[in-house]
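The values are calculated or read from the model by the stated rules, or taken from the named source; none is laboratory data. Please read all numbers here as calculations on a predicted model, not as lab measurements. When we count neighbours, we look across all protein chains shown, and the Cβ atoms used for this are built from the backbone with ideal geometry, even at glycine. For the accessible areas, the whole protein counts, side chains as well, though only heavy atoms, and no ligand, DNA or RNA atoms are used. Shrake-Rupley method; radii C 1.70, N 1.55, O 1.52, S 1.80 Å.
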Amino acid sequence: MMSSPMNIPASTPVPANRVVVEDWMRQFQDWLCQQLEAADGGEARFTEDAWRHEGGGGGRTRVIQQGWVLEKGGVAFSAVWGTMSEQAARVLLMPDPGYFATGVSVVQHPRSPRVPISHMNVRYFEAANGEAWFGGGLDLTPIYVDVEQARWFHEQIEAMCAQHDATYYPRFKQWADEYFFLPHRQETRGIGGLFFDRLTVGKDGSFAELFAFVRAVGEIYGRAYSTIMRQNAALPYTEQQKQWQLVRRGRYAEFNLAFDRGTKFGLETGGRTESILMSLPPQCEWHYNLQPQPGSPEAATQQWLQKGIDWLAADAAAPEALELQEAAQA
């Protein structure tokens with residue numbers, strides 16, 4: 001049986017689409033936490049922190065810490081509504097300051113530098129004027145790029161997209177390259193994935209079509225990332241590689257604090273600070289003018305952090321990186 005949005009009196013009519021999406025978001029949070037706990041393989045479990053939003057609604061923030069694979073991970077569900085300030089509405093390009101928003105936001109920070117950081121977000125908005133849209137995305141941030149694994153990851157999401165719209169993967173992959181980018185560093189956050197925003201009901205597809213795609217995005221993330229966790233968890237690593245992980249985590253934090261739209265939306269609408277900043281790593285470092293040694297695995301990974309790489313190609317186009325990887329393995 002579908003649940004109703006929190007804090008709304010039974011006598012208040014609620015749009016059916018809103019109820020359906022919120023109910024799935026709750027169930028998806030449950031399913032994903034189970035998938036990640038199983039892939040982690042240790043005794044650590046997600047703990048839940050329920051909270052309320054001052055405008056209406058609230059959420060469940062779930063965090064796992066000190067797992068066998070996951071040093072810190074979060075899976076946050078929210079369903080909130082209210083009226084934002086006119087300034088916030090302008091910044092966020094909202095057609096009306098009254099809003100309803102529900103979604104699940106995920107960031108996983110593994111203990112091992114051989115397991116990539118991962119992110120996924122799916123969301124649904126309704127403005128008070130009746131306009132409604134979906135958004136979301138997923139991406140991987142390897143500390144050390146494994147080209148074959150990056151190709152496999154993109155193959156999984158391309159196949160998923162093809163089941164819904166053949167244009168989705170090339171469009172949303174390019175959007176991810178542009179979005180998950182640190183302009184002050186002139187590097188991508190990782191190997192990208194998908195990013196899409198404001199897929200508007202009626203304009204970009206029916207509610208059923210867009211909702212089916214968003215559900216598929218969430219599910220392919222859970223299955224693909226759980227697979228990568230299991231494949232990489234037992235790979236050995238050195239203290240030097242662990243130090244490089246702390247540096248790369250610092251770049252991840254820079255993006256989330258300076259550019260991430262979800263962070264901005266949460267702060268602009270009076271969201272819960274702990275839940276918004278759940279995405280930050282447990283530890284990270286910044287070093288003045290740190291440059292990888294030429295020919296090192298760290299330098300090889302840096303060469304892959306660029307827009308426009310065709311990860312589906314048999315010979316992904318980053319020749320400098322391939323040369324550095326071959327030199328490092330020699």
Can you tell me which of L257, L194, L280 moves the most in a GNM of the chain? Springs connect C-alpha atoms under 10 Å apart.
L257
Could you tell me the relative contact order of the chain? Use alpha-carbon pairs under 8 Å, at least six residues apart, and round to a whole percent.
15
Mind checking the full-extension length gain between K242 and Q174? Use 0.36 nm per residue of separation minus the Cα-Cα distance, one decimal, nm.
21.4 nm
Taking Cα pairs closer than 8 Å and at least 6 residues apart, the relative contact order of segment 60-144 in percent is 25
Proximal lysines relative to K72, as straight alpha-carbon distance under 19 Å, when same-chain residues fewer than 8 apart are discounted
K242
Can you tell me the relative contact order of segment 108-252? Whole percent, Cα pairs under 8 Å, sequence separation 6 or more.
31
What is the angle, in °, between the Cα long axis of helix 319-329 and the longest principal axis of the Cα atoms in the chain? Nearest 10 is fine, range 0 to 90.
60
State the Cα centre-to-centre distance between segment 101-129 and segment 173-193 in whole Å.
16
Under a 5 Å amide H to amide H cut-off, with H placed in plane at 1.01 Å, what residues pair with W68 once short-range neighbours are removed?
G42, E43, A44
Per the 1/(1 + (r/R0)^6) rule, R0 = 41 Å and r from the Cβ atoms of E155 and S206, FRET efficiency to 0.05 is 0.90
Within the chain, what whole-number % of the accessible surface is contributed by carbon and sulfur, with the 1.4 Å probe and all protein chains included in the calculation?
50
Would you mind working out the accessible area per residue for segment 9-127, using a 1.4 Å probe, and quoting it in Å²?
40
